[in-house]
1. Using a simple spin-label model with points 7 Å from Cα along the Cα→Cβ vector, what separation in nm is obtained for residue 261 and residue 232?
2. So if R0 is 30 Å, what FRET efficiency would residue 49 and residue 214 give, r being the distance between their Cβ atoms, rounded to the nearest 0.05?
3. Using a Gaussian network for the chain with springs between C-alpha atoms less than 10 Å apart, which of these wobbles most: 36, 225, 213?
4. Enter the Cα centre distance for the pair the stretch 26-51 and the stretch 184-262, rounded to the nearest angstrom.
5. Using 0.36 nm times the number of residues separating residue 253 and residue 113, minus their current alpha carbon distance, what extension gain do you get?
6. Sum -39500 (n - 2.57) across every DSSP H segment of at least 4 residues in the chain, then divide by the residue count to get the 222 nm mean residue ellipticity, nearest 500.
7. Which length gain, in nm to one decimal place, applies between residue 105 and residue 174 when the Cα-Cα distance is subtracted from 0.36 nm times their residue separation?
8. Only bridges with both residues in the chain count here: give the DSSP antiparallel percent, nearest 5.
């Protein structure tokens, strides 16, 4: 789910004079409705360091070789990817998919700093539940790619896998609105963070993505200092990239390999 270009343009124009919660409302597009957990998926609740209660879905065997900590994009909620979650579990992985504050059943209102705290809390909850940090792969989609890369600079995970991710919010804005892109400022800067990664990175991107162009995914991968695997998903765009089973295979293979590293 992706907001319209007109909505993004309005967000950039208003950003000149707006800060904090007002600008956050123009970046985040949460859906509050989450249906009951599908078969084989359990509800989990996580409390952040600042006292916000988050809702999450957990699926997969407790002894899975790797666990994906899934940070979603800026629109919708975890229910939008229920089918993908089940397909990843079918490939032998465990998955914890959580909703940021203000999304789905999670309390609070989203912000860049708040989303980072949410990711920290989700990671720490996995470790508290007995999942070794060395078996956790930070997994992010679109804006969640920035969240996952940022998380991996603060927590000792096995690796990072991002799909349809961007370099910086303003780079995406420039693609659609030219010079007006600078109005996005320094928000969600993955380039600054990816340079600090010390774990393997998978970057996957659809070659027909008209929201976040393939070139931005390549640029993000090129900026990483360590082992990087780049996967081009042929014929897929921003919102249908997970329809390719080969991409799901690549994510599962990468996660298992990263978790097996000494």
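No value in this document is a laboratory result; all are computed from the given coordinates. The model shown is predicted, which means the values in this text are computed figures rather than measured ones. Note that each Cβ is placed from the backbone with ideal geometry, even for glycine, and that neighbours are counted across all protein chains shown.
1. 2.6 nm
2. According to the calculation, E is roughly 0.25.
3. Its mean-square fluctuation being the largest, the pick is 36.
4. Measuring centre to centre over Cα atoms gives 24 Å.
5. Additional length available on full extension: 47.3 nm.
6. -10500 deg cm²/dmol
7. Roughly 21.5 nm would be gained on extension.
8. On the way: 11 of 38 bridges.
In the chain, approximately 30 percent of DSSP beta bridges are antiparallel ones.
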